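Everything below concerns the one structure shown next.
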Amino acid sequence: MSAQLLVIDDDAVTRELLTEVLQSEGYRVAACDSGPRALERAEHEHFDLAVTDVRMPEMDGIAVTRALKARDPAIQVIVMTAFGSVETAVEAIRHGAFDYVSKPMNLEEIKSTVRRALSERRLPDARMNGDRGAGDTYGVLVEGESGTGKELIATALHRHSGRSGARFVAVDCGSLTDTLLESELFGYARGAFTGAVGEKKGLFEEASGGTIFLDEIGDIGAPMQAKLLRVLQEYEIKRVGGQEWIKVDVRVVAATNRNLEELVRRGSFREDLFYRLKVVTITLPPLRERREDVPLLAEHFLRRYAERNQKPISHLTDEAMVLLMDYPWPGNIRELEHCIERAVALASGTVLTPEDLAPELRSTVEATLHRGSPTLEEVKRRYLAHVLAETGGNISRAATILGVDRRSLYRMLRRYGLRAS
């Protein structure tokens, strides 16, 4: 019998599109326009999986997820969230969601995620009853370019889990040879090699009860892939030179800036390990695809480094913020942080101006503008409109973010033909 799916979205177009797409895949699909109606229907019907929007007026998707999982721990929930809203995705997973997809939707991604969720639902897993035993060693894969904040996401997953009281251990797999990585992860027995005068616990044992973060997982070789697969399948490790298998209780979060699916197709990464790690997947888009996050990140880093350097710098000028928003950020969040750190260190005034930013940043943006990108005035207008949208048209909050008084903000609104609400 085909799986029974529940689609929950207050937007009729999205709801009808999802229903049609999923029905074309052979699923039986019911659709509801609100959380309360969906929960009422779930009281009388069995559903294998639900796809729910996050932002809905009566009851948001996080609350829907909690309620559905409380009624039936076996149901899989996929959350649809605004593009690049990683915090919401982490919150949803924390409350039991299987995975999330970003809006605007990629229909192939929706279909693929539904297939994975239904496949995982059939696995006997301790997650289904909330136990935090060996079954909780399921994999989490964080994908994204270098500098997008993959370790921050891994840390957030740890802090918001039942394992937060235990250790979080991070390992850069790309910086170690497989031989060194094996002894680091699994430890070694006395006499395992020259210099091994005593036994040593590996990081899997050190992280017992907690989380281990394996960064750049795509760089490890075939022998190490096989050993990691056994950890995820059997929940046990063997020290280098040791004879006994040691049970481990640890959640594995892996990260990569490479295309693992392509590596699988080329035969350089095990397909079975890939799917074990991909039980829950979080994809971090590059900063150039979520420019609306630049102002908040820039202000955050400004406060951090102004306090650390004991400098009375209050904000960035409009012109400086526009430059930051129009720069492509090939190094992503890490590059933005270094940019603000440098600017704060060198600034002599109480605000950051374009002159405080790195010359190469200014020249890159100017070259982009000359190639036909939006003019400086257009980018300013876009930024102002974004701040208004984020603050819900609240003039006081928008003025604070922009670093201007209310009178100046009203003048800016008239200049650019914008309205507060």
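The values are calculated or read from the model by the stated rules, or taken from the named source; none is laboratory data. Since this is a predicted model, take the numbers as computed values, not measurements. Virtual Cβ from ideal backbone geometry, glycine too; neighbours counted across all protein chains shown. Ligands, DNA and RNA are excluded from the accessible area calculation, which covers all protein heavy atoms including side chains. Shrake-Rupley method; radii C 1.70, N 1.55, O 1.52, S 1.80 Å.
Miscellaneous remarks
- Segment 187-213, subset of a type in the set (Phe, Trp, Tyr) and more than 18 Å from Gly139 (Cα to Cα), residue most open to solvent (accessible area, probe 1.4 Å): Phe193
- Counted as qualifying within segment 167-254 are the helices (runs of 4 or more DSSP H) with 2 or more residues that are under 22 Å from Gly144 (Cβ atoms), namely 222-234.
- For the condition out of contact with any Asp or Glu (no Cβ under 6 Å at 6 or more places or on another chain), at pLDDT 75 or above, open to solvent by less than 10 Å² (accessible area, probe 1.4 Å) and in a helix (DSSP H, G or I), Val140 does not qualify.
- Scope segment 214-272; condition touching a residue at least 60 places away in the same chain (Cβ under 8 Å) and loosely packed, with under 13 Cβ neighbours inside 10 Å; matching residues: Lys247
- Residue that is open to solvent by 40 Å² or more (accessible area, probe 1.4 Å) and either at pLDDT below 80 or of a type in the set (A, V, I, L, M, F, W, C) (or both), where the choices are Glu91, Glu108, Glu45: Glu91
- Qualifying residue in segment 69-82 (condition: under 30 Å from Lys150 (Cβ atoms), of a type in the set (S, T, N, Q) and open to solvent by 20 Å² or more (accessible area, probe 1.4 Å)): no
- Residue that is nearest to Gly403 (Cα to Cα) [pool: residues in segment 316-350 that are open to solvent by 40 Å² or more (accessible area, probe 1.4 Å) and of a type outside the set (D, E, K, R)]: Thr350
- Single condition Ser119 does not satisfy, out of (1) at pLDDT 90 or above; (2) part of a helix (DSSP H, G or I); (3) exposed (fewer than 15 other Cβ atoms within 10 Å of the Cβ); (4) of a type outside the set (A, V, I, L, M): (1)
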